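Before any comments, here is the structure.
No value in this document is a laboratory result; all are computed from the given coordinates. Keep in mind that what you see is a predicted model, and the values were worked out from it rather than measured. No Cβ is skipped: glycine too gets one built from the backbone with ideal geometry, and neighbour counts run over all protein chains shown.
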Amino acid sequence: MNVLAIETATDRGGVALLTRDGHVFTSTFHAPRQHGELLSGCVQAVLQMSGLSSEDLELIAVDVGPGSFTGLRIGIAFATALGQARQLPLVGVRQTDALGLPAAAWWPGQVAVWIHDRRDFVYHAWATRGRVGRASVVKVSQALSRLRDKEGVLVVGSGAQAFRDLLAKEGLLVPGEGMNFPDPVEIARLGIEIYGRRGADRALEPVYLQPPLASEKEA
């Protein structure tokens, strides 16, 4: 099927288009706080490269977090609007799955997913082959303590990238930068799998790391 995937959970966003005949087209960007300005152009770019139009799409998959409050809202709103306009099914993919499952597929040991919050917190989850466990938001020091008594742990995600030096001092492994941010192609592949397993989502709900700053100030 022709699947459009939208990735806006981090500063490194973009889209991917997987076609029925197995071709893959991508358009990405690294531009903090510019998701709204760049997302539509990325979608048009992959459609143009593929020779398809939005009428040829059959499924939209979108990263629903955890991640950037503003980025998630933009990606989900765009996917919802396009889905409604074209009567397309929508599927939400969690960033922990998009990061943890590909890493666990090739890493022989355990994989810890760390997604960085704006403070000294990370969204922590364990990933094994074919499964990502329940995630929780914890301080970096707490997340680090969960890793110290384990051997051969690979730590992936924006949190691993942000605290690479700290993890290295503890003898923990962090992959190259490219593996620490969700790939829209992986969002598309997981979206197809999820859709085949349980169908479309009735509504897309974002997963936030922490309450947005505006809500905290009002509390």
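Between D120 and E193, the contour length at 0.36 nm per residue exceeds the alpha carbon distance by 22.9 nm.
Taking the charge dipole of segment 96-180 about its Cα centre, with +1 at Lys and Arg Cβ atoms and -1 at Asp and Glu Cβ atoms, the residue from A162, W106, T128 reaching farthest to the positive side is T128.
To the nearest 0.05, what FRET efficiency results for Q84 and Q110 with a Förster distance of 35 Å applied to their C-beta separation? Computed FRET efficiency for Q84 and Q110 comes out at 0.30. Evaluated with a Cβ-only charge set (Lys, Arg +1; Asp, Glu -1), the chain carries a dipole of roughly 540 debye about its Cα centre, given to the nearest 20. Across the alpha-carbon atoms of segment 122-162, the computed radius of gyration and Dmax are 10.2, 28 angstrom. The separation of segment 76-127 from segment 140-172, counted between C-alpha centres, amounts to 19 Å. In this label model, M49 and R129 are separated by 3.2 nm, measuring between points 7 Å along each Cα→Cβ vector. Both numbers refer to the Cα atoms of segment 96-180; Rg and Dmax are 11.2, 31 Å. DSSP assigns beta bridges within the chain; of those with both partners inside it, close to 65 percent run antiparallel.
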